[in-house]
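To start, the structure itself, in structure tokens.
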Amino acid sequence: MAASGLEDPSLERHFKGHRDAITSVDFNLNKKQLASGSMDSCLMIWSMRPQMRAYRFVGHKDAVMCVQFSPSGHLVASGSRDKTVRLWIPSVKGESTVFKAHTATVRSVHFSSDGQSLVTASDDKTVKVWTVHRQKFLFSLSQHINWVRCAKFSPDGRLIASASDDKTIKLWDKTSRECIHSFCEHGGFVNHVDFHPSGTCIAAAGTDNTVKVWDVRMNRLLQHYQVHSAVVNCLSFHPSGNYLITASNDSTLKILDLLEGRLLYTLHGHQGPATSVVFSRTGDSFASGGSDEQVMVWKTNFDATDYGEVLKTQKYATNVTGSLHNLRSEMDCGDPPKKTKAQDSARNQHQQEEETNLADTLEHIVGQLDVLTQTVSILEQRLTLTEDKLKECLENQQKLMHSKGN
């Protein structure tokens, strides 16, 4: 189903390598890597470059339920049914640190946008927040009375949204650690929740086949979509905030136009349930995973015409009637005078290049720090293991001496 003037999304690649259903997918910042978790207990890192081999990371003792790249792209977090969370360096060695995060299955892992914190959600009914450095436990949020399927930081890191089988979505203030609102779902459980890029609303994927968009400032329902014929497993906002993609047990992916409040595309790719879906950080691609053990990468296409402009001029607002729209002030004011257009564009281009170079340099530095931190953490773990072994050897030696003495 295509909309006028828009180009349809197209399947770009598909990856096979998992031996069981895919549970989660996520893109690296630079879109050169894609991570996937599976019921086969493995995490795969797929390279988007041609002829580059995939990495299979083995370490979890049970199904991998969730995966996410850190904002810098130099770490991958994974949560498992073995109750642990692992932080991996996505390179050929596949080194990782592990910590027991919960007393039951870890359903969800999510980095804060500054990359400093990690929020986890579990079947033990709790949401926990950790430091990424040394994986120090900070605090627990424990008002849910059933499994917690998903927990996410807001883009500014001040709020946490959690979705549970107790049929509520809870909003938490990270600083005060208090629940500031509960959205009650009467139709079914919520499998997945995601924040709009503006941080003003959240979208929820329900077992009652619906997708709902809630305003987190007014605490009211904005939009309600009944487009799937089965459970909705996952959803992801386009970085522009104008589109939402969903994955369902009806085997389809659906793309919703939030400005128009309508279904834009229905995509058939997976044989059986589509379990996970995510837009890349730039929005020009999206990836999906299914119970057919396949990971698919799609080219977005329909956003290509105006996405550059959207990024520059987009502001978000929610009007009183609750429909989402964007304010494009520069676009609405007509074209600027022609004589300054060339000068402005040259100046802007030069400025953009400088900003891009600076951003790339900072990105690289942050990335290297991430890797150093992680390497130190791995070395600390190895040192602890060596100390334990040494202690064991000394104890055994003492026992032997003692038995000889007797």
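Taking all protein chains together and rolling a 1.4 Å probe, Ile145 ends up with roughly 130 Å² accessible. For a paramagnetic label modelled at 7 Å from the Cα of Asp62 toward its Cβ, which residues of region 132-157 fall within the zone defined by backbone nitrogen distances under 16 Å? Within reach of a label on Asp62: 147-149.
Relative protection proxy for 219-230, 111-122, from highest mean packing down: 111-122, 219-230 (other beta-carbon atoms within 10 angstrom).
Computed from the Cβ-Cβ distance with R0 of 25 Å, the FRET efficiency linking Asn357 to Ser113 stands at 0.70.
Report the gain in length on full extension from Ala230 to Val371: 0.36 nm times residue separation, minus Cα-Cα distance, nm rounded to one decimal.
Details: separation 141, 0.36 × 141 = 50.76 nm, distance 4.16 nm.
Full-extension gain reported as 46.6 nm.
Among the protein heavy atoms of region 1-135, carbon and sulfur supply 48% of the accessible surface, probe 1.4 Å, non-protein parts ignored.
Summing +1 for each Lys or Arg and -1 for each Asp or Glu among the other residues whose beta-carbon sits under 12 angstrom from that of Ile180 gives +3. With a 1.4 Å probe and every protein chain kept in, tell me what percent of the accessible surface of region 168-224 is carbon plus sulfur. Roughly 47 percent of what the probe reaches on region 168-224 is carbon or sulfur.
The residues packed around Lys31, meaning those with a beta-carbon under 13 Å from its beta-carbon, carry a net charge of +2 if Lys and Arg are +1 and Asp and Glu are -1. Prolate is the label for region 1-77. Its Cα gyration tensor axes, ordered a ≥ b ≥ c, give a/c of at least 1.5 and a/b above b/c. Per residue, region 127-273 exposes 38 Å² of accessible surface when a 1.4 Å probe is rolled over the protein heavy atoms with every protein chain present. Dividing the mean sequence gap of close Cα pairs (under 8 Å, 6+ apart) by how many residues region 110-249 holds gives a relative contact order of 14 percent. Taking a straight Cα-Cα cut-off under 16 Å and skipping sequence neighbours fewer than 8 places away in the same chain, the aspartates and glutamates within cross-link reach of Lys404 are Glu395.
Listed by chain and number, the aspartates and glutamates placed with their C-alpha closer than 12 angstrom to that of Lys167 are Glu185, Asp208; residues fewer than eight positions away on the same chain are left out. Per residue, the solvent-accessible area of region 53-92 (1.4 Å probe, heavy atoms of protein chains only, all protein chains present) comes to 35 Å².
The values are calculated or read from the model by the stated rules, or taken from the named source; none is laboratory data. Note that the coordinates shown come from a computational prediction; the quantities given were computed from them, not determined experimentally. Glycine gets a Cβ as well: all are built from the backbone with ideal geometry, and neighbour counts include every protein chain shown. Remember, those area values only see protein heavy atoms, side chains included, never the ligands or the DNA or RNA. Shrake-Rupley method; radii C 1.70, N 1.55, O 1.52, S 1.80 Å.
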